[in-house]
1. Could you tell me the calculated FRET efficiency between residue A:68 and residue B:40, based on Cβ-Cβ distance and R0 = 35 angstrom, to the nearest 0.05?
2. Rank B:26, B:10 by accessible area, highest first, at a 1.4 Å probe radius?
3. May I ask you to derive the FRET efficiency for residue A:39 and residue B:82 from their Cβ-Cβ distance with R0 = 22 Å, giving the value to the nearest 0.05?
4. Of the residues B:63, B:100, B:54, which exhibits the maximal mean-square fluctuation in a Gaussian network model of chain B defined by a 10 Å Cα contact cut-off?
5. Which of the listed residues, B:28, B:16, B:43, is farthest toward the dipole's positive end in region B:1-48, when Lys, Arg count +1 and Asp, Glu count -1 at the beta-carbon?
6. Any chance you could look up the accessible area of residue A:99 with a 1.4 Å probe, heavy atoms only, rounded to 10 Å²?
7. Estimate the FRET efficiency between residue A:15 and residue B:100 by the formula 1/(1 + (r/R0)^6), using the beta-carbon distance for r and 41 Å for R0, to the nearest 0.05.
8. Evaluated at 37 °C with a viscosity of 0.692 mPa s, what Stokes-Einstein diffusion coefficient in µm²/s does chain A have when Rh comes from the Kirkwood expression over alpha-carbon pairs?
Amino acid sequence: QKEVEQNSGPLSVPEGAIASLNCTYSDRVSQSFFWYRQYSGKSPELIMSIYSNGDKEDGRFTAQLNKASQYVSLLIRDSQPSDSATYLCAVRNNYQLIWGAGTKLIIKP
Amino acid sequence: ETGVTQTPRHLVMGMTNKKSLKCEQHLGHNAMYWYKQSAKKPLELMFVYSLEERIENNSVPSRFSPECPNSSHLFLHLHTLQPEDSALYLCASSQVFGGRYTEAFFGQGTRLTVV
């Protein structure tokens, strides 16, 4: 059974601080990894994709991938109240995306 | 129109009704998906169409019936649903080339309530 694990939270972070979200996956052959943001009552929105080991930065967001440890993370710098949402980790296995249940992030002003 | 659009946004139906959900993508993608999202659970993949051919039917009850008339349109026909089918139904699309699939982009979803 291919699985993606995330801490459900909620993770509470002060405004302006760094939020760190983590995800582990079970299928070693996975090649593509994604972070989605989902506001309450809305659909998932793609934030970052990462395909190779190391860091990938896009604005305030940095995705980190460690295939040896089967671990992918998302860092949000200078957290804003608008970043409060549920963050979903997804791992691609051919045409399937295997999803975590999401981490609820709360940014406190 | 941009991205992936779903209609209706909200649907309340009785257990004996028949209804259809519609999805249209304007991204030029050639793969489309139906997902079910229930509270506190990971997204559940229901159906996948790639190049207009259904390639995944993930043990979904027959009261859900997908239809993909072309690469831009996807339907989910519903009949004799149960209250436990109440959920957010999400359509998504991606591109496939050389057997490799790109990121998935989602529609706004249909909030379905079965009474």
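The values are calculated or read from the model by the stated rules, or taken from the named source; none is laboratory data. The shown structure was predicted, so the numbers you read here are calculated from the model rather than taken from an experiment. FYI the Cβ positions are ideal-geometry reconstructions off the backbone, even for glycines, and counts take in every protein chain you see. Side chains are part of the model used for accessible areas, which takes the heavy atoms of the whole protein and leaves out ligands, DNA and RNA. Shrake-Rupley method; radii C 1.70, N 1.55, O 1.52, S 1.80 Å.
1. Working: r = 31 Å, r/R0 = 0.88.
Here the calculated transfer efficiency is 0.70.
2. Values: B:26 70, B:10 140 Å².
So the residues, ranked largest to smallest area, are B:10, B:26.
3. Details: r = 28 Å, r/R0 = 1.28.
Result of the calculation: an efficiency of 0.20.
4. Among B:63, B:100, B:54, the largest GNM mean-square fluctuation belongs to B:100.
5. Farthest towards the positive pole: B:16.
6. 10 Å²
7. Numbers: r = 39 Å, r/R0 = 0.96.
Step by step, r from the Cβ atoms, then E = 0.55.
8. Working: Rh = 13.8 Å.
Estimated via Stokes-Einstein, D reaches 237 µm²/s.
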